[in-house]
Amino acid sequence: MDINEKFSTALKQIALLGGINDYIAISSRELGEKLSLSQQSASKRILELLEEGYILRDLGARKQRIKITKKGLDALRAEYYEYQRIFEMKDHLTIKGIVSAGMGEGQYYVNQPEYQEQFKEKLGFAPFEGTLNLKIVSSDLPKMEMLRRIDGIAIDGFHRNGRTFGEVRAYPASMHNIDCAVILPSRSHYSEVMEILCKYSLRRTLGLNDGDMVEVRIDTEED
């Protein structure tokens, strides 16, 4: 979510004052001082943030109280991920996860001929039936959000027998020097689980069991 710079600067100041977790009492004059704006301009900025849905406001008896909304927090988080990419990420991401049992859906989707043909063409291998599911450790969840903001390799969606199979994105990766690929739905939603394709059964090849901790190196270099 892209955000206007003037809104971003104001939201950051509100967040630093504690406006993410609760309402904070702040006057237009006080916010103006933080933003190097006149009281009138700061008052206008608050109204603009309200109109855009970035904050909530409670007009108290003495001083207004404001709080950042989920939309505002998402906008700040998106900007944070961009800075992470600038300062922390080079040509790859390393993400840790815990091997977990899937629901069998990965095998169903991976085996669709239309997906299989694209995996062979675009990833260079025919994947083993099913995916390896990893539950991402909490400290690496921000890296997953960074990954979702990278285009990756598009695996086109299709329709068959009245059913829609959506587009997914693939990212070349490796585990213990074995080539594989991380796949994410293009219309990606928040998830703590990452699915991995490989031409081998990673469970058998690496002797993995549910609960094992593994590390995946994901290529993030964009052409």
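Bear in mind these aren't lab numbers, they're just calculated from the coordinates by the rules spelled out. Given the structure is predicted, the values throughout are model-derived calculations rather than measurements. Note that each Cβ is placed from the backbone with ideal geometry, even for glycine, and that neighbours are counted across all protein chains shown.
List of remarks:
- Extension gain for Phe165-Arg57 works out to 34.6 nm (0.36 nm per residue, less the C-alpha to C-alpha distance).
- Annotation: extensible slack from Lys135 through Arg217 equals 28.0 nm (criterion: 0.36 nm per residue apart, minus Cα-Cα distance).
- At R0 = 41 Å, FRET efficiency that the Cβ-Cβ distance of Tyr200 and Asp74 yields, to 0.05: 0.60
- Sorting the segments 199-212, 123-136 by their residues' average number of neighbouring beta-carbon atoms within 10 angstrom, most packed first, yields 123-136, 199-212.
- Pairwise label distance in nanometres, Ala154 with Ser174, each label 7 Å out on the Cα-Cβ vector: 2.9 nm
- Phi-derived couplings, Karplus 6.51 cos²θ - 1.76 cosθ + 1.60 at θ = phi - 60°, listed residue by residue for region 23-29: 5, 10, 8, 8, 8, 4, 5 Hz, with x used for Gly and Pro.
- Ellipsoid semi-axes in whole angstrom, largest first, where each is sqrt(5λ) of the Cα gyration tensor of region 26-173: 46, 18, 15
- Using the Cβ-Cβ distance between Lys122 and Asn4 with R0 set to 35 Å, the FRET efficiency from 1/(1 + (r/R0)^6) comes to roughly 0.45.
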